[in-house]
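Take a look at the structure set out below.
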Amino acid sequence: MKKNVGSVLGLYPTPLVVVGAMVEGKPNWVLVGHLGIMGHDRIMVSLAKAHYTNGGIKENGVLSVNIVDEAMLGKADYVGCMSGRKTDKSVVFEYETGEAGAPVIKESPLTMECTVVDIYDTDGFDNFILKIDNTYAEETVLNEKGKIDYHVLKPVLFEMPTYEYLCTGDVIGNCMKMGKE
């Protein structure tokens, strides 16, 4: 029999990302583990209301969602530990400006540049509903058909209850085929 463990979020692990936004004229970066898919062209990023980055997102209406791989994990963790109100995080990552105006981390293997289409308010959180405007991928993480190859990309995963970073694992089956066998 299953035990009731209360109202616990049980959807971890999730991909780890660094959100980039212009705040007071310069890029600011924040580590994010609360995000989700809302369709083929929409995602949601949830940030605690206290985050410095939220003001820039609300003011400019654009942000970048930069997938974290193992090579950039140390810097990503750093921007999650430091507040942009107290620390200038604009120098942590080299960046370029995306077509929609968001700062895009050069060393991230995959970045989605997004426009805010709505903000859903919950207790203590701003939940940014985003339309994906542009996706920038290093050619090394694309397969021969130009699609993202997650065997190569290997995004870092975040597990909330233990605050651990995990790596992606082995393939254990093929979607829409296992049930037909």
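Note down the nm distance, to one decimal, between modelled labels 7 Å out along Cα→Cβ at Lys106 and at Asn127.
3.7
For labels at Glu70 and Glu96 in the simple 7 Å Cα→Cβ model, what's the distance in nm?
It is 2.7 nm.
Using a simple spin-label model with points 7 Å from Cα along the Cα→Cβ vector, what separation in nm is obtained for Ser7 and Met178?
If labels sit at Ser7 and Met178, their model points lie 3.2 nm apart.
Using the Cα centre as the reference, give the magnitude of the dipole from point charges on the C-beta atoms of region 1-158 (Lys, Arg: +1; Asp, Glu: -1; all else neutral), rounded to the nearest 20 debye.
620
Need the list of lysines near Lys154 for cross-linking: C-alpha distance under 21 angstrom, and skip anything on the same chain fewer than eight residues off.
Partners within reach: Lys75, Lys106, Lys145.
Give the peptides 23-32, 42-51 in descending order of average Cβ contacts within 10 Å, highest first.
Top to bottom by mean Cβ count within 10 Å: 23-32, 42-51.
Got a sec? Charge dipole of region 47-130, +1 on Cβ for Lys and Arg, -1 for Asp and Glu; which of Leu130, Met112, Val91 is way out at the positive end?
Result: Val91.
Quick one: go through region 90-130 and flag any residue whose amide nitrogen is under 14 Å from the point 7 Å out along the Cα-to-Cβ line of Met38.
Counting backbone N atoms under 14 Å from the label point, the list is 114-122, 126-130.
Around Leu157, with a cut-off of 12 angstrom between Cβ atoms, what is the net charge of the other residues, counting Lys and Arg +1 and Asp and Glu -1?
After counting each charged neighbour, the total is -3.
So which trypsin sites (Lys or Arg not before Pro) in region 79-172 pass both tests, a DSSP loop state and at most 14 other Cβ atoms within 10 Å of the Cβ? Before the final figure, lay out the partial values.
On the way: sites: Arg85, Lys86, Lys89, Lys106, Lys131, Lys145, Lys147; in loops: Arg85, Lys86, Lys106, Lys145, Lys147.
Here the trypsin sites (Lys or Arg not before Pro) that fit, given the DSSP loop and packing criteria, are Arg85, Lys86, Lys106, Lys145, Lys147.
Go through Glu113, Glu107 and list them by solvent-accessible area, largest first, probe radius 1.4 Å. Spell out each step's value before the answer.
On the way: Glu113 0, Glu107 75 Å².
From most exposed to least exposed: Glu107, Glu113.
Give the long-range amide H neighbours of Leu142: residues separated by 5 or more places, or on another chain, with amide H under 5 Å away, using H modelled in the peptide plane at 1.01 Å from N.
Those lying under 5 Å, H to H, from Leu142 are Asp149.
The values are calculated or read from the model by the stated rules, or taken from the named source; none is laboratory data. What you see is a predicted model; the values in this text were computed from it and never measured. Here the Cβ is made from the backbone with ideal geometry for all residues, glycine too, and neighbour counts use every protein chain on show. Remember, those area values only see protein heavy atoms, side chains included, never the ligands or the DNA or RNA. Shrake-Rupley method; radii C 1.70, N 1.55, O 1.52, S 1.80 Å.
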